[in-house]
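First the structure, in the form of structure tokens, and then the observations on it.
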Amino acid sequence: MQFKISKELILQIEELILSKKDQQLEALLNDMHHADIAEILDELDFDEATYIFKILDSEKTAEILLELEDDLRENILSRLSPKEIAEELDELDTDDAADIIAELSTDIKNEVISELIDVEHAKDIVDLLRYDEDTAGGLMGKELVKVNENWNVLTCVKEMRIQAENVSRVHSIYVVDDENRLKGRLSLKDLLTTSTKTPISEVYIPKVDYVRVDTEDVEVARIMQKYDLEAIPVVDELGRLVGRITIDDIVDVIKDEADKDYQLAAGISQDVEADDSILELTKARLPWLVLALLGGFVSVRVLGLFEGAMTDHGNLFFFTPLIAAMAGNVGVQSSAIIVQGLANNTLSGSLFSRLIKEISLSLLNGVILASILFLGSHFLLNVEFIIGVIVTSALISVIIIASLIGTFVPLLLNKFGIDPALATGPFITTSNDICGILIYFSIAKLILGF
């Protein structure tokens, strides 16, 4: 059931904090989901949020920590002692605990780790901190259920019961050998329908999807999306099972990647949010605005080359924004499709076949749009026939060129290891604007002979 945070509820909570009615406040919040409490804390000031954090049980607040905005979480953690932070982390899975510890300063980080009660939990967290956050190693958690291929079914069930106590959700049962190398997975159905004396080696499934610790997070997301996996095991360089990645972590990766691509497409070069400072937002937006401004200067310069044409044939000028806009729109459409294909790994066929397809598609679109433009300009605007021919010819040419640029620029960027999402932003729009204007007046010059 969805829960709506109302202004009245916020006022009620602020009143309970002010009057120090901790028991009533705790009773009110304990009935709420941790995500809803995190949303409430975002509405309160830091002192009030910290106060709530300290009166609730660690089992509750540990989950709330994961849902908080980065700035609020950082501020709350700064007001907690290393011992209090350790109490929160003891309640979390290793991957979530490692993510939070990674946000702390080195001195506080070491103190927090030393305060962790569960030594094995602490060792697992320290191990995860070794990996880059953008890799499978940085995403994985240590909590999983594994069995040895040499065990029989009865031993397997006994060991699984012990291991499952530390695992919040059992997605899969992994099979390893004596060296902890991943051998396969075990079907729960086979486990329940097989004699208790049967060796696991006779019933496990050797085919299992896995990733290595150094696999990039976006690649892990692609694999899990492709094969509809709820969890995937992670192995080290020797093939030993070291952890697993669950779907909730991958959803975060997909969301972060989508946000990043969306911002790049909008011409924002850094990861920012609406609540960030003016300086941070300026630094993120300004580079591409400068690029667009320089592109505008180039467009003006191109127009200056054909000043005589606009003097003698003024009607040409009025179609300039239309040509430039169509060039930008077509380029963005083409690049968006290619970027999506690259992201989903669904592009197929040779470069030549893609070239032919793109030319055919843009030619068809160009002819249809040019026909509409020709009829509209002739009957509605009373434009001269020769001007109509120039504009429609230019439109078809511009659409073909813009679609080709929109297709091959992201492919080229991807080849050189640059995020192809850049090709859907101001870069492609500005370049196509310039090309569109140049093509338009070049055709006009060719036909009119000025």
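The values are calculated or read from the model by the stated rules, or taken from the named source; none is laboratory data. Predicted model only: the values in this text are computed from it and were never measured. Positions of Cβ are backbone-derived with ideal geometry, glycine not excepted, and every protein chain shown enters the neighbour counts. Each accessible area value is taken on the protein alone, full model and side chains, heavy atoms only, with ligands, DNA and RNA left out. Shrake-Rupley method; radii C 1.70, N 1.55, O 1.52, S 1.80 Å.
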What residue, of D127, D99, D95, D107, is open to solvent by 20 Å² or more (accessible area, probe 1.4 Å), within 24 Å of E39 (Cβ to Cβ) and in a helix (DSSP H, G or I)? D99
Listed residues A86, A35; which is open to solvent by less than 20 Å² (accessible area, probe 1.4 Å) and of a type in the set (A, V, I, L, M)? A86
Test: residue in segment 41-60 that is open to solvent by 10 Å² or more (accessible area, probe 1.4 Å), touching a residue at least 24 places away in the same chain (Cβ under 8 Å) and within 28 Å of V235 (Cα to Cα): no
Name the single residue, out of those in segment 150-197 being hydrophobic (A, V, I, L, M, F, W, C) and not in a helix (DSSP H, G or I), that is nearest to L92 (Cα to Cα). V167
Looking only at residues that are hydrophobic (A, V, I, L, M, F, W, C) and not in a loop (DSSP other than H, G, I, E, B) in segment 61-80, which one is most open to solvent (accessible area, probe 1.4 Å)? L66
For P420, only one of the following conditions fails: (1) crowded, with 21+ Cβ neighbours inside 10 Å; (2) under 18 Å from A327 (Cα atoms). What is its number? (2)
Segment 235-262, residues that are farther than 17 Å from D177 by Cβ and either among the β-branched types (V, I, T) or assigned to a loop (DSSP other than H, G, I, E, B) (or both): I245, T246, I247, I250, V251, V253, I254
Is it the case that segment 370-377 has a residue that's open to solvent by less than 60 Å² (accessible area, probe 1.4 Å), out of contact with any helix residue (DSSP H, G or I) (no Cβ under 9 Å at 6 or more places or on another chain) and in a helix (DSSP H, G or I)? yes
Candidates I396, I405, filtered to the one that is open to solvent by less than 80 Å² (accessible area, probe 1.4 Å), closer than 18 Å to N432 by Cβ and in contact (Cβ under 8 Å) with a residue 60 or more places away in the chain: I405
Residues to consider are S172, S201, S195; find the one that is closer than 18 Å to I245 by Cβ, open to solvent by 30 Å² or more (accessible area, probe 1.4 Å) and either free of Cβ contacts under 8 Å to residues at least 12 places away in the same chain or among the small types (G, A, S) (or both). S172
When restricted to V170, V153, V147, the only residue under 30 Å from I200 (Cα atoms) and modelled with pLDDT under 90 is V170
Is one or more of the residues making up segment 272-279 within 16 Å of the chain's Cα centre (by Cα) and either at pLDDT below 90 or under 30 Å from N329 (Cβ atoms) (or both)? yes
Only unsatisfied item for D132, checking (1) open to solvent by 80 Å² or more (accessible area, probe 1.4 Å); (2) touching a helix residue (DSSP H, G or I) at 6+ places or on another chain (Cβ under 7 Å); (3) in a helix (DSSP H, G or I), is (3)
Which residues, counting only those in segment 204-215, are assigned to a strand (DSSP E or B) and open to solvent by less than 30 Å² (accessible area, probe 1.4 Å)? V211
Among the residues that make up segment 341-364, is at least one of them in contact with a Gly (Cβ under 7 Å, 6 or more places away or on another chain) and small (G, A, S)? no
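A quick yes/no check of all residues on (1) open to solvent by less than 10 Å² (accessible area, probe 1.4 Å); (2) modelled with pLDDT of 90 or more:
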residue	(1), (2)
D217	no, yes
V220	yes, yes
M224	yes, yes
V234	yes, yes
L238	no, yes
V242	no, yes
D249	no, no
I254	no, no
Quick check: is even one residue across segment 308-328 acidic (D, E), over 30 Å from I223 (Cβ atoms) and not in a loop (DSSP other than H, G, I, E, B)? yes
Based on this model, can you work out whether V112 counts as open to solvent by 40 Å² or more (accessible area, probe 1.4 Å), at pLDDT 90 or above, of a type in the set (A, V, I, L, M) and in a helix (DSSP H, G or I)? no
Suppose we filter L446, L412 for residues that are of a type in the set (A, V, I, L, M), open to solvent by 40 Å² or more (accessible area, probe 1.4 Å) and over 23 Å from the mean Cα position of the chain (by Cα); which single one remains? L446
